1. Can you name the strands (runs of 3 or more DSSP E) wholly within the stretch 80-192 that have at least 1 residues being in contact (Cβ under 8 Å) with a residue 40 or more places away in the chain and closer than 22 Å to residue 54 by Cβ?
2. Just to check your reading of the model, which residue among 95, 7, 48, 24 is surrounded by 14 or more Cβ atoms within 10 Å (Cβ to Cβ), more than 29 Å from residue 182 (Cα to Cα), modelled with pLDDT of 85 or more and touching a strand residue (DSSP E or B) at 6+ places or on another chain (Cβ under 9 Å)?
3. For residue 87, are the conditions met, namely being out of contact with any helix residue (DSSP H, G or I) (no Cβ under 6 Å at 6 or more places or on another chain), at pLDDT 75 or above and surrounded by 12 or more Cβ atoms within 10 Å (Cβ to Cβ)?
4. Any residue at all in the stretch 62-79 that's buried (at least 17 other Cβ atoms within 10 Å of the Cβ), modelled with pLDDT under 85 and part of a strand (DSSP E or B)?
5. On the basis of being touching a strand residue (DSSP E or B) at 6+ places or on another chain (Cβ under 7 Å) and modelled with pLDDT of 85 or more, does residue 136 make the cut?
């Protein structure tokens with residue numbers, strides 16, 4: 001049975017490694033400053049592989065990130081592993097601050113790139129503990145990503161979390177659900 005890969009992508013300092021640490025108990029390097037993860041890091045779990053990718057904006061602009069993603073995605077297709085699940089981690093507070101300055105966050109370009117690559121990503125909106133008015137903020141974020149509010153209608157794609165507050169249960173469930181659906185497509189048993 002071919003392994004399924006779950007890769008975590010997002011801006012520098014969005015909390016990707018902290019999310020992995022919380023979700024899977026992995027010994028990841030985390031820090032307050034961006035750029036702790038400098039190259040893709042692979043973790044072999046029982047039934048799937050987790051890939052922690054470096055953040056956009058630290059060493060790689062979006063073009064460099066596209067190259068890394070292409071290598072991961074196309075490299076896996078070349079190895080006959082057509083099943084990959086992408087989890088895009090967004091720093092919700094920073095995302096909102098950027099859009100208030102009338103800029104389009106790189107997170108939006110990354111989300112669009114994943115969709116163009118035929119990957120239906122899970123969007124984990126991290127650092128919810130730092131956001132005031134969570135419902136309205138989540139509606140703004142999904143709207144910027146091209147989805148119609150309210151965000152709750154996207155429960156199969158968008159998950160508010162706070163890795164530092166150990167609030168990742170919904171994300172764990174959604175990853176498990178998506179992996180099980182993928183596994184069922186290839187005729188396997190329960191994954192997570």
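The values are calculated or read from the model by the stated rules, or taken from the named source; none is laboratory data. All values derive from a computational prediction rather than experimental measurement. Cβ placement follows ideal geometry from the backbone for every residue including glycine, while neighbour counts extend to all protein chains displayed.
1. Numbers: elements: 84-91, 122-126, 158-160.
Answer list for the stretch 80-192: 84-91, 122-126.
2. Values: 7 fails: more than 29 Å from residue 182 (Cα to Cα); 48 fails: more than 29 Å from residue 182 (Cα to Cα); 24 fails: more than 29 Å from residue 182 (Cα to Cα).
On inspection, the qualifying residue turns out to be 95.
3. Judged against the criteria, residue 87 is a match.
4. no
5. Answer is no for this residue.
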